[in-house]
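Read the structure below first, then the notes.
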Amino acid sequence: MALVGWLGLRPDPRSDTIGDDPGTIRHIASQGGFQMSVPTQWEGPPTEVGPAPGIEFGSPGARLVGYIVDIIVIGGFILTMAFLAVLSGIFFPILALVPIIVGAIVPIVYFPYFWQASGQTPGMKMAGVKVVRDRDGGPVTWGGAILRLIGFWISSMVFYIGYIWILIDKRRRGWFDLIAGTVVIKATIEEYGGDPFYGAGLPGAEDDPGRRY
C-alpha cells in the first residue's frame with residue numbers, strides 16, 4: 001500500500017481485498033488496472049527422486065571397481081579353461097571339448113546368475129554394492145538379470161553412452177538398468193565382503209546395527 005501511494009497510484013478501497021485463493025493476496029489499483037499476486041508461502045524446488053530412507057545409490061566409482069574385479073575373475077577363468085583344453089588335447093583329445101564348452105558358457109551366465117542369486121557378483125560384493133529391482137527394492141529375477149546382461153551389450157554399442165548415463169541419471173542408472181528395471185544401491189555391512197566390523201567405532205554405530213559403511 002505504501003509503495004502504491006509513493007508511486008502516485010490511488011488504490012480502490014473496494015478492491016483492496018483478499019482473494020478467493022488463500023495462497024495469494026491480490027491488490028488492484030484504480031489507476032492502470034494492474035493486478036499483483038504475492039505468494040504467502042515460499043515454494044521450493046521439487047524433491048529429487050531418491051531411494052528409501054537409509055538407502056544410498058551405489059557410486060559410479062564403486063561400481064567400476066566391482067566390474068573390473070569381475071572382468072579379472074572371468075578372464076582368469078577363461079585362461080584356466082584354455083590351459084586345461086590344451087593339456088587335455090595333448091593326452092585326451094576327446095576331453096578337450098569339455099573345458100572349451102565350460103569356458104564359453106560360464107562367462108555368459110556369470111553375471112545373470114549372481115544378480116538373481118544375491119544381487120552381488122564377487123566384484124560387487126568386494127566393492128560394497130548390490131543390484132535390486134528399481135520399483136520396490138526386491139531381488140532381481142532371472143528374466144531381469146538376462147535383460148540386464150543384454151543391456152550391457154546395448155550400452156556399449158554407441159561409444160559406451162549407456163554406461164556414461166550413470167553419471168546423468170538421478171538414480172544412477174545406466175541403460176542396462178533402465179532396460180531391466182534395476183538400480184544399484186550400497187550394500188549393508190552384512191552384505192559387504194570386507195571387514196564385518198567396519199564402521200563399528202563410528203559415531204552412532206552402536207545405535208544402528210544395520211549402519212551402512
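Each reported figure results from applying straightforward, stated rules to the coordinates on display, with no laboratory input. This structure is a prediction, so every number in the text was calculated from the model and none was measured.
What does the extension gain come out to for I68 and I55, with contour length at 0.36 nm per residue minus their alpha carbon separation? Write down the numbers at each step before the final one.
Details: separation 13, 0.36 × 13 = 4.68 nm, distance 2.41 nm.
Additional length available on full extension: 2.3 nm.
Give the lysines whose C-alpha is closer than 22 Å to that of K170, dropping any in the same chain fewer than 8 places away, or say none.
Straight-line reach from K170, under 22 Å: K130, K186.
With just the Cα atoms of segment 60-194, tell me how far they stretch along each of the three principal axes, in Å, largest first.
Answer, in whole Å and largest first: 56, 37, 26 Å.
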